[in-house]
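J.: Below: one structure in structure tokens.
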Amino acid sequence: MIIKSRVQKLRKHRRRPTVTGRTSLFSGLVYCPDCGAKPHFRTANSLKRNQEFWRCSNYKSRRGECAIHYIRDVVLEKIVFEAISGLADFVKCHETVFLYILAKKTNAMRQKEHKKLQQTVEQGTRRIAEIDRLIEKVFEQNASGILSDERFSKILQSYEKGQKALMQEVSDSQKTLQEAKQKVTDLRLLLRTPRELTDITELTQTLVNTLIERIEVHNNDKSGGHCYVKVDIYFTAAGMIDIPTEQEILAMMKEIQENPQDFRFVA
Ligand SMILES: [Zn+2]
């Protein structure tokens, strides 16, 4: 189930073969934050590996409204590598704090809320079955003449109305529970990988696909004299993660000690 859903997601990121047959580790994951398009990965036989680059697919195209959003693939690799190894180090040293950040960030469902939804599903399902039995009963009463047609029709209508509302409520709650479960599953995946990795020496396709959902390459800002490209990395299920400073970590640890129950995932 976990693997399946992840694989389904990954299938959406199908890789388009390039002229040279070379692909980037990030194909399918890169987006332009300004126009929302997927930038093109440019490779050619005349280009060396360190010259391969990305640029917005709306740049100077016929409509051409977007800026270039240029970045070399090797530079992007370096940025992503640093982000992943930084995250892995942080998870290894401060797992509790990391869980706390995830819980806050994703609004992971609290235990109380989860229990309430489960109750709604159980009670609602029971009540729906009960109404079925009541409906059967009024049918019998009407057939045997105890209940007039007029009364029967009114009662039936009211039962059916109530049942319909309950069914909607049960189905909504089930959906919310299912979504929460999926979120936790994705978060677990995000957690498991850094835990299992002892030392990241290089990026692999699996590592990138497991940990990263989206990469946004901003347009380069040359105002400072040298070229600086801002890259936003969205991790699986968690989005952007800023590694906190020592001081922030201490403050969070204090908060965790005060409300330990509040920041645990429900699964
Ligand atoms: Zn663009």
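The values are calculated or read from the model by the stated rules, or taken from the named source; none is laboratory data. None of the values given here were measured: they were computed from a predicted structure. Glycine gets a Cβ as well: all are built from the backbone with ideal geometry, and neighbour counts include every protein chain shown. Just the protein is used for accessible areas: all its heavy atoms, side chains included, with ligands, DNA and RNA removed. Shrake-Rupley method; radii C 1.70, N 1.55, O 1.52, S 1.80 Å.
J.: Leaving ligands and nucleic acids out of the surface, order Val75, Val138 by accessible area at 1.4 Å, largest first. Kindly include the intermediate steps, with their values, before the conclusion.
T.: Details: Val75 50, Val138 10 Å².
The ranking, largest first, comes out as Val75, Val138.
J.: Return the ratio Rg/(2.2 N^0.38 Å) for the range 42-196, where Rg is computed over Cα atoms only. Please report the intermediate quantities before stating the final value.
T.: Numbers: Rg = 29.3 Å, N = 155, 2.2 N^0.38 = 15.0 Å.
Cα Rg divided by the expected 2.2 N^0.38 Å: 1.96.
J.: Suppose the Debye formula is applied to equal point scatterers at every Cα of the range 111-179; what is log10 I(q)/I(0) at q = 0.21, 0.24 Å⁻¹?
T.: -0.81, -0.95
J.: Also: If I take every Cα pair under 8 Å that is 6 or more residues apart in the range 111-179, average their sequence separation and divide by the length, what percent do I get for the relative contact order?
T.: On the way: 37 pairs, mean separation 37.6, N = 69.
Result for the range 111-179 is 54 percent.
J.: Counting only heavy atoms of the protein chains, get the accessible area per residue of the range 111-179 (1.4 Å probe) and round it to a whole Å² value.
T.: Working: 5350 Å² over 69 residues.
Using a 1.4 Å probe on heavy atoms only, each residue of the range 111-179 averages 77 Å².
J.: Got a sec? Charge dipole of the range 111-179, +1 on Cβ for Lys and Arg, -1 for Asp and Glu; which of Thr120, Tyr159, Asn142 is way out at the positive end?
T.: Thr120
J.: With only Lys, Arg, Asp and Glu charged, each at its Cβ (+1 for the first two, -1 for the last two), find how big the charge dipole of the range 111-179 is about the Cα centre; round to the nearest 20 debye.
T.: Working: 12 positive and 12 negative charges, 51 e Å.
Approximately 240 debye in magnitude.
J.: Please list, short to long, the whole-number percent of alpha-carbon pairs of the range 159-261 in consecutive 5 angstrom bins beginning at zero.
T.: Pairs per bin, as whole percents: 2, 9, 10, 12, 15, 14, 12, 8, 6, 5, 3, 2, 1, 0, 0.
J.: Using the Karplus equation 6.51 cos²θ - 1.76 cosθ + 1.60 (θ = phi - 60°), what ³J(HN,Hα) coupling, rounded to whole Hz, does each residue of the range 142-153 give in order, writing x for Gly and Pro?
T.: The phi angles translate into 5, 4, 8, x, 5, 10, 5, 4, 5, 4, 4, 4 Hz.
J.: Cα-Cα over 28 Å: which of Lys115/Lys161; Lys92/Lys116; Lys112/Lys175; Lys78/Lys175; Lys137/Lys181? Provide the component values of the computation, followed by the final result.
T.: Values: Lys115/Lys161 26 Å; Lys92/Lys116 34 Å; Lys112/Lys175 17 Å; Lys78/Lys175 40 Å; Lys137/Lys181 39 Å.
Too far apart for the 28 Å limit: Lys92/Lys116; Lys78/Lys175; Lys137/Lys181.
J.: What's the carbon and sulfur percent of the range 111-179's accessible surface, probe 1.4 angstrom, rounded to a whole number? Show your work: numbers first, answer last.
T.: Working: 2670 of 5350 Å².
Carbon and sulfur together cover 50 percent of it.
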